[in-house]
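Heads up, the thing below is written out as structure tokens.
The values are calculated or read from the model by the stated rules, or taken from the named source; none is laboratory data. Computed from a predicted model, the values in this text were never measured in an experiment. Reconstructed Cβ throughout: ideal geometry from the backbone, glycine too, with neighbour counts over all protein chains shown.
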């Protein structure tokens, strides 16, 4: 962990993440062992060749897989990539899925973090390390360009660092994505901070395009910031095309070489061979480029060690969410209508029903995994207080005079002492009496609530409590409560204002009030986040305001909120609250956030709900979404 990381920061996620329920277990004959991450093109998994060598298997995102032109270009680029055999590139081993399903690509596994992760977690790198990186990446570009392939998306996230040097990944695949219709609908392939001027303007792409990207990458890892700054994509692209790079944070020994790579005219940029020569002749490296054990800082070597401890056992499928324990089964409905069974003849004292007599007992070793709904109060009263047939049994069993016995012999025996018609009448009368009593009680409570109600504008209108629970004064509130607009119609105080904790958890009694809806927001990088209460974008340093911000590979939610990853293209606040109660989500990884995906969060203290519809996310932390905020009325 970086030295400047706050003490309360969330610990680094595990390198090998478990497979989720919607992850495949096998792709193209490769058994998947863990998740390695996700990017703009798809998800990456750990697998092994039949001979036991670890490999990285990337499955292309469905948005691209459905595009026929992408499939055609993908096949061409993979064929070219398999001819690249550079020592500083991740070897392309296999591919498939072009005819049906999602296209996939297998490369050699590199046990190391990306340069993006290294700089974000540990800061800028030493001059010697940067020179070694530049020389190794330039050699990788030589191998890529030798088969007439241009990377087009060289950036820190596409360079992995291993103990023996860098590895360039995803070369040429961006060209296939450029051909899809998605690039015309706001889905950009390439990162503005590392794009060349000709790429930003849509002009011809040449190997010099990758050289410009290498210069921007070197400035980033040497100075800790992109040379053309942060901000909206359009602003960054304008600076790339029209302004000079900002190299003030780059160490002086590196500025001349990096500045040449960032020349606006492609003809003025050095070739990869010239870059290698300049790096090798630099006095800091002593005239040679050698990747020894000390070429990386110690904390980065620790990250490489973490990624070298590979899982060897295939994961078992994640169990489905445990269902909530059922409530005690209701009594048989047909019981009052059937003739009662023959009662025992012997006299005995009434027997107290044991615990669980009206339903099966839950096993003591099984923990309750969800809220258990109470049984209907009317049914429970009927179960406990219906007169049993036992008192009538002795009267029917007592021996009588002989004439009475003869009369009984002439009639069919009447078993049970009480006819089923009588039981039916008793049950109906009991039901009607209980209903009438409940209505009277509810009216009485409502009258008391009216007496306690203050002025009409002191509480927002809420839906009545269906359970007819305890009446509240209507004066309660929450820290994020918004005062309702004044109305000419008097507002009734709601009994749900003092709902019990269990009632508040589901959000059902009180409902929600929209504070604002469908507010379009976007953040350019991880330096910004979303302010829920005010519905705007703020700097990530505003810890008291930010509730959601981009992370390395996921959207991160502030502590104090529960999460849910939606399955449909729309969601109400009540549906969000119910879904969080039943099946909350652990996180919001970028790989599960395609355009149009709906996610939501709920505040654990106020139970207010925020619903977000994803517009676009990138690994660089640029996120656009539509935000709606609902205040809980309880």
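Brief remarks on what is shown
- Verdict on residue 541 being at pLDDT 85 or above and in the same structural domain as residue 618 (by TED's automatic domain parsing): no
- Residue in the range 234-251 that is under 14 Å from residue 131 (Cα atoms) and over 39 Å from the mean Cα position of the chain (by Cα) present: yes
- Pairs meeting the criteria (first residue in the range 61-78 and within 18 Å of residue 94 (Cβ to Cβ), second residue assigned to a helix (DSSP H, G or I), beta carbons under 7 Å, at least 6 apart or on different chains) are 74/176; 77/173; 77/175; 77/176.
- Complete set of residues in the range 29-41 that are over 17 Å from residue 110 (Cβ atoms) and modelled with pLDDT under 90: 40
- All positions within the range 572-591 that are within 22 Å of residue 551 (Cα to Cα), surrounded by fewer than 21 Cβ atoms within 10 Å (Cβ to Cβ) and at pLDDT 85 or above: 584, 585
- Hits in the range 530-579 (condition: part of a loop (DSSP other than H, G, I, E, B), out of contact with any strand residue (DSSP E or B) (no Cβ under 6 Å at 6 or more places or on another chain) and under 18 Å from residue 518 (Cβ atoms)): 533, 534, 568, 569, 570, 572
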